[in-house]
Amino acid sequence: GENVEQHPSTLSVQEGDSAVIKCTYSDSASNYFPWYKQELGKRPQLIIDIRSNVGEKKDQRIAVTLNKTAKHFSLHITETQPEDSAVYFCAATLGGDTGRRALTFGSGTRLQVQP
Amino acid sequence: GAVVSQHPSWVICKSGTSVKIECRSLDFQATTMFWYRQFPKQSLMLMATSNEGSKATYEQGVEKDKFLINHASLTLSTLTVTSAHPEDSSFYICSAGRRNTEAFFGQGTRLTVV
């Protein structure tokens, strides 16, 4: 099955700096890669996703890049703010019908943005 | 977006008792729902796939007789933790989605077994 590895496990940045979180996946058939933000005791919130036919996607301060050849994808947050502090998870799934596929999650990154 | 509602949001039960958690898709029909478990400071791990009208598919290492899943309608899946023990204490969360959309998560259920 799919295996997703995520680094780093913790990341501390100063407010205004950029943060980068990296994930690798094992199954070359995976074609949908969402990123989630989870606050303590809450459900994961989708912040951005990318499909395998796209190399990069951006939404305001958040961007995701995908390298299918190397089987890795990264989350980039620019101009970080204290409210960005949370745990971030990458995930992967394979096949079409993405809303009805189970996700394989990375181990999570605890991001701390220092004011 | 689509809404998935999970109930209860938290529950405390005595060791040896059973607890039922409900997951509802409020504005769409879900032939498939997923149940995940998240221990403190860990990731979400898929426990089982709930299929409407048929048996659930369990991931390796998940006891199907302990975690009973029933998906009796297109909008409701239930997870029953039977004979709960303290090691079953965790955050249980369901998800569902439409075709080619994102996955929508329920609010999660914090289970504490004392």
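The values are calculated or read from the model by the stated rules, or taken from the named source; none is laboratory data. Quantities reported herein were computed from a predicted structural model and do not represent experimental measurements. A quick note on method: Cβ atoms are made from the backbone with ideal geometry, for glycine too, and the neighbour counts reach across all protein chains shown. Areas reflect the complete protein model, heavy atoms only, side chains present, ligands, DNA and RNA absent. Shrake-Rupley method; radii C 1.70, N 1.55, O 1.52, S 1.80 Å.
List of remarks:
- Accessible surface buried by the A/B pair amounts to about 1800 Å², both sides summed, 1.4 Å probe.
- Taking every alpha-carbon pair within chain A, the share separated by more than 24 Å comes to 20 percent.
- Cα convex hull, the protein assembly as shown: 118 Å³ per residue, rounded to a whole number.
- Taking θ as phi - 60° and the Karplus parameters 6.51, -1.76 and 1.60, the scalar couplings of region B:79-89 work out to 10, 10, 8, 8, 6, 5, 10, x, 5, 7, 4 Hz in sequence order, x denoting glycine and proline.
- Number of partner chain Cβ atoms within 10 Å, mean per residue of A:82-89: 1
- Averaged over the residues of A:32-45, the number of partner chain Cβ atoms lying within 10 Å of the residue Cβ comes to 3.
- The alpha-carbon of A:Lys57 sits under 19 angstrom from the alpha-carbons of these lysines, leaving out residues fewer than 8 places away in its chain: A:Lys22, A:Lys37, A:Lys68, A:Lys71.
- Isotropically averaged projected area of region B:18-69, using the convex hull of Cα atoms (one quarter of hull area), nm²: 4.6
- Computed over region A:1-77: relative contact order in percent, which uses C-alpha pairs under 8 Å that are six or more apart: 28
- Contact order normalised by residue count of region B:1-112, Cα under 8 Å, 6+ apart, percent: 37
- Kirkwood hydrodynamic radius of chain B, Cα pairs, Å: 14.0
- In the context of the full set of protein chains, the protein assembly as shown has a per residue accessible area of 49 Å² (1.4 Å probe).
- Once the gyration tensor of the Cα atoms in region B:53-92 is diagonalised, the equivalent ellipsoid follows with semi-axes of 20, 12, 9 Å, ordered largest first.
- Unmatched cysteines, chain B - criterion: no other Cβ of a Cys under 4.7 angstrom: B:Cys13
- Couplings 3J(HN,Hα) for region B:10-24, derived from phi with the Karplus relation 6.51 cos²θ - 1.76 cosθ + 1.60 (θ = phi - 60°), are 8, 8, 10, 9, 7, 4, x, 8, 10, 9, 10, 10, 10, 10, 10 Hz, where x marks Gly and Pro.
- The string of couplings for region B:64-71 from the Karplus curve (6.51, -1.76, 1.60, θ = phi - 60°) is 5, 7, 9, 10, 7, 10, 10, 10 Hz, one whole number per residue in order, with x for Gly and Pro.
- Inter-chain Cβ neighbour average for residues A:11-19, partner chain, 10 Å: 0
- Each pair of Cα atoms in region A:3-55 enters the Kirkwood radius, and Stokes-Einstein at 37 °C and 0.692 mPa s then converts it into a translational diffusion coefficient of 248 µm²/s.
- Carbon and sulfur %, accessible surface of region B:6-98 computed with the full protein complex present, 1.4 Å: 52
- With the whole protein complex present, A:His72 retains an accessible surface near 70 Å², based on a 1.4 Å probe.
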